[in-house]
Amino acid sequence: MSIRAFNIFSIILILVWIWADKYLSIGAPSYGWLLLIYVSVLFCGSYFIRMGFFLKSICSVKTNEKWIALSFDDGPAGPTSHILDILKENEAEAAFFCIGKKISGNEELIKRMVSDGHIIGNHSFSHHPFFDFFSSGKMLTDMIEMNQLVKDITGHSPRFFRPPYGVTNPNLKKAVMKGGFISIGWSIRSYDTVIKNQYRLLNKIIPALKPGAILLLHDSSETTVAVLPELLKVIRHKGYQIVRLDKMVNLNPYD
């Protein structure tokens with residue numbers, strides 16, 4: 001359900017509630033419950049990118065092919081070079097959603113991502129804790145700054161954008177639309193920045209594999225470095241082919 005459809009539904013529900021209160025004396029506290037439900041739905045719609053509540057995002061692909069796309073957030077960072085090594089050894093291509101402010105001093109990693117056959121996505125310049133409270137204009141400025149950095153280094157300007165923290169809202173939708181970006185989510189969230197045990201992490205990811213899945217990992221996590229070789233092995237053992245994100249969604253990742 002979109003935010004527009006939800007608001008229409010909410011208005012109708014409130015009108016019905018007022019009518020019911022008038023004739024059935026439901027009572028004032030019931031309006032508090034209505035407000036709580038409304039706020040809760042807005043929160044869930046903002047936090048769970050797969051709902052597509054405020055902004056439609058590509059979170060998976062409908063296909064019968066056993067394809068899966070790997071994506072890494074929050075780099076470039078210390079573990080990134082090790083992850084690139086592992087991907088190269090296993091001939092696997094991925095999408096790296098980078099943070100602009102982390103690029104300075106890591107330009108060679110950005111160049112290597114491209115030369116190794118990976119694609120770079122925009123994960124904002126600042127990844128600011130209050131990014132979600134920025135105006136749409138400030139969000140777009142932040143996103144464009146990140147794109148310009150990547151373009152200066154690689155000659156490519158990313159179209160794929162992954163919202164910081166996966167949070168969406170009306171301001172972000174305006175920024176994404178105005179900037180001509182394509183919002184990318186995920187269907188499998190690994191929680192590799194939280195789960196430190198390799199076996200628990202594998203057991204979190206593997207059962208969730210489905211054709212057309214987009215897996216969210218982080219190249220800022222040492223746990224990911226440790227588990228990645230085995231993860232790639234198991235993915236392929238189960239008959240899945242690792243397909244680069246842009247090829248799986250059949251969209252150009254750059255302007």
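The values are calculated or read from the model by the stated rules, or taken from the named source; none is laboratory data. Bear in mind that the values here come from a model prediction, so they are computed numbers and not experimental data. Please note: Cβ atoms are built from the backbone with ideal geometry, for glycine as well, and neighbour counts cover all protein chains shown.
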Notebook entry, point to check: Does at least one position in the stretch 126-146 carry a residue that is in contact (Cβ under 8 Å) with a residue 40 or more places away in the chain, within 16 Å of the chain's Cα centre (by Cα) and over 21 Å from Asp255 (Cα atoms)?
Noted result: yes
Next item on the list: Determine whether the stretch 143-163 contains at least one residue that is within 19 Å of Gly75 (Cα to Cα) and of a type in the set (Ser, Thr, Tyr).
Entry: yes
Next item on the list: Being modelled with pLDDT of 95 or more and surrounded by fewer than 19 Cβ atoms within 10 Å (Cβ to Cβ) narrows it down to one of Ile188, Ile205, Ile153, so name that one.
Entry: Ile153
Checklist line | Residues being under 18 Å from the mean Cα position of the chain (by Cα) and of a type in the set (Val, Ile, Thr) - total across the stretch 147-198 | finding: 8
